[in-house]
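Each remark here refers to the structure printed beneath this line.
The values are calculated or read from the model by the stated rules, or taken from the named source; none is laboratory data. None of these values were measured; they are calculated from a predicted model. Quick reminder, even Gly has a Cβ in these numbers, built from the backbone with ideal geometry, and neighbours come from all protein chains shown. Just so you know, the surface numbers come from the protein's heavy atoms only, side chains and all, with ligands and any DNA or RNA stripped out. Shrake-Rupley method; radii C 1.70, N 1.55, O 1.52, S 1.80 Å.
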There are 2 protein chains.
Amino acid sequence: MRVRTAAVLALRLRRVTIENSGNGMRRLFSIAVAASLVLLAVFAHAQTDPLPSWNDGVAKTRIMDFVKAVTDVASKDYVAPADRIAVFDNDGTLWAEKPLYFQLLFAIDRVRALAPQHPEWKNTQPFKAAIEGDFDALAASGEKGVGELVMATHAGMTTEAFAKIVDDWIKTAQHPRFKRPYTDLVYQPMLELLSYLRVNDFKIYIVSGGGIEFLRVWADRVYGVPPEQVIGSSIVTKFEMRDGKPVLLREAKIDFIDDKAGKPVAINQFIGRRPIFAFGNSDGDYEMLQWTGAGDGLRFMGLVHHTDAEREWAYGRNSAVGRLDKALDAAGKNGWTVVDMKRDWKQVFPFQR
Amino acid sequence: MRVRTAAVLALRLRRVTIENSGNGMRRLFSIAVAASLVLLAVFAHAQTDPLPSWNDGVAKTRIMDFVKAVTDVASKDYVAPADRIAVFDNDGTLWAEKPLYFQLLFAIDRVRALAPQHPEWKNTQPFKAAIEGDFDALAASGEKGVGELVMATHAGMTTEAFAKIVDDWIKTAQHPRFKRPYTDLVYQPMLELLSYLRVNDFKIYIVSGGGIEFLRVWADRVYGVPPEQVIGSSIVTKFEMRDGKPVLLREAKIDFIDDKAGKPVAINQFIGRRPIFAFGNSDGDYEMLQWTGAGDGLRFMGLVHHTDAEREWAYGRNSAVGRLDKALDAAGKNGWTVVDMKRDWKQVFPFQR
């Protein structure tokens, strides 16, 4: 609206000056046009909503108030750019996590692709379940089963070979419900939030329970988060010489699980500064939010609550994947911001316009 | 020299225009002054030596040729800023490491400070040796002894408490030979190299065998390298609630040794990109240099060779601390740049002017 007002103003000025055009008037005309262009730019800037996919409400207001407070040098809550560290969980916070974590769907696809070389898998769980797409049997195999699946598909190759496998998959695989690449299932409002924080000189880190080397392949492309700002779970890698060339070999051995109490540990290990802004969506993010909130000065802690079965999914307190229970109670007690997907997001995925 | 030429030129132009000053001449005068100021700036820029403490020679030439090649968009060796990752070892590369690694001298000082609370240390090695300053007995206690010393002084407190202890020590402790704070024993030529790389949009990481939380306390202050760009060895930390506040407790348990083959592993884990520039000084940096060199495109690998017993120390092939043997042979074979401290550095420490 204001942009339009400024444009009308500029046109009027132009008409007035042309009507009175003498020599001095021509100069006045140029000045007026220049002035209106400046005004236009100022209005346009003030007017642009950095979070257009967020409905007006408490969540949006709190985010914007926080960013204004920590970036305003005159504010008592001002934070120097170097200390503007923001951490985001990935699964369920930046992209969807149903029907299963996408990395697990990747593992299942890999088992199927590798099955011809492993005839024994046809009769061995959890591989049988993966090949047959039997998610219930897979769930029944528990953490141990899932671990076996991950190791069989994520280890035994160099870091470079693994990156290539992930890259091929992420470019071709399709989500079972939406029949689109998995990277289409990122949340439009969160992409806007990442941009908004970035232009305000925040350094954004992903702190995910997912695999660090799985995420790094596409996080820069999809979120604009470079590899050195991606933190995740990892398996052991081993330096080795192969045909006179050094390689890093991925071993079938857990190195670090970046979930729950592991998140603040990893944040301290990788970043060495305490974040001032943290966003998650499940009990796996509880300790990360606690750790962020325990620092001095103004802090922002947010949780995405999945409440929209129509546009996305509705789940929380009783969900096996992405359970939000303990952290939801804590949000109430500690004044953390809960984003109600159905209420707070005008749009969920970029393709749902 | 050229700056002086430009200044003389500017003065001459000024004199000429003043002598002929009519109205048009006054304008010419202004233009000439403006032009000479621009010239001055250009010359000054071209003239400033970014590495004034480096003697002219192969090492300096190779560094500058490399930086020019990877930053020139017209060069076939151009590298985008995001991929300009430079890694530096710390002990013996950025600061001195004699008579012992400074962090070990910190541990010894801590043992002495804590000794009154541990009467049993008087008669137990390696604590007895530390208290008595008997470096030979300490060396005889081997890796196991040193490990005990480190654990007794580095673990059993929160990350914040440890940072405070290191900060107090680094501000007050003095190096036995130079009677100055340890942070005075950084290499002036390397500080210049860090700045030179930084203005050329390199992202600089320290990749040290020393403790990550020991380094982070002062690396930003001394080198301009922020905590998130410091990689090092670590002990396990554990998230815990204490009086309703989350803390990270340092446990007496090795997490990761960032030395030798551990360096490329850590680089991959923390950065997720292969560096294009690597500097070390000992066999502990061999694999880091190999890993850096094995990437595509132009690469720079450098080693500091300690050859100056007068201004610093002279050691290498047979030194227990900072042995440079295998990596020195590899440098010859692979065209890595060996910096001969005595020959290549005009100045070693900032205080030796």
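Observations, loosely collected:
- Screening the candidates B:353, B:311, B:317 for the property of being without any contact (Cβ under 8 Å) to a residue 60 or more places away in the chain, more than 25 Å from residue B:203 (Cα to Cα) and touching an Asp or Glu at 6+ places or on another chain (Cβ under 6 Å) yields one hit, B:317.
- Checked against (1) under 18 Å from the mean Cα position of the chain (by Cα); (2) farther than 14 Å from residue B:236 by Cα; (3) open to solvent by less than 10 Å² (accessible area, probe 1.4 Å), residue A:248 passes all but condition (1).
- Among the helices (runs of 4 or more DSSP H) confined to region A:2-104, the ones with at least 3 residues that are modelled with pLDDT of 65 or more, in contact with a strand residue (DSSP E or B) (Cβ under 9 Å, 6 or more places away or on another chain) and open to solvent by less than 80 Å² (accessible area, probe 1.4 Å) are located at A:58-71.
- Selection of region B:251-274 for residues being facing chain A (nearest Cβ under 7 Å), under 19 Å from the mean Cα position of the chain (by Cα) and not β-branched (Val, Ile, Thr) yields B:264, B:270.
- If you go through region B:256-279 and keep only what is closer than 11 Å to residue A:239 by Cα and in a loop (DSSP other than H, G, I, E, B), you end up with B:260, B:261.
- Filtered residues of region B:280-308 (kept if acidic (Asp, Glu), within 14 Å of chain A (Cβ to nearest Cβ) and assigned to a loop (DSSP other than H, G, I, E, B)): B:296
- Test: residue in region A:309-318 that is within 13 Å of another protein chain (Cβ to nearest Cβ), assigned to a loop (DSSP other than H, G, I, E, B) and touching a Pro at 6+ places or on another chain (Cβ under 9 Å): no
- Qualifying residue in region A:152-165 (condition: within 29 Å of residue A:306 (Cα to Cα) and either outside any loop (DSSP other than H, G, I, E, B) or open to solvent by 20 Å² or more (accessible area, probe 1.4 Å) (or both)): no
- Criterion: in contact (Cβ under 8 Å) with a residue 40 or more places away in the chain and either in a loop (DSSP other than H, G, I, E, B) or away from every other protein chain (no Cβ under 14 Å) (or both) - qualifying residue of A:339, A:247: A:339
- Only a single item in (1) within 8 Å of chain A (Cβ to nearest Cβ); (2) within 20 Å of the chain's Cα centre (by Cα) is not met by residue B:277, and it is number (1).
- Residue A:224 vs. criteria more than 8 Å from chain B (Cβ to nearest Cβ), open to solvent by 20 Å² or more (accessible area, probe 1.4 Å) and in contact (Cβ under 8 Å) with a residue 12 or more places away in the chain: yes
- The lone criterion from (1) within 13 Å of chain A (Cβ to nearest Cβ); (2) surrounded by 22 or more Cβ atoms within 10 Å (Cβ to Cβ); (3) in a helix (DSSP H, G or I) left unmet by residue B:232 is number (3).
- Pairs linking a residue in region A:199-212 that is in a helix (DSSP H, G or I) to a residue that is aliphatic (A, V, I, L, M), with Cβ atoms under 9 Å and 6 or more positions apart or on different chains, are A:212/A:230; A:212/A:231.
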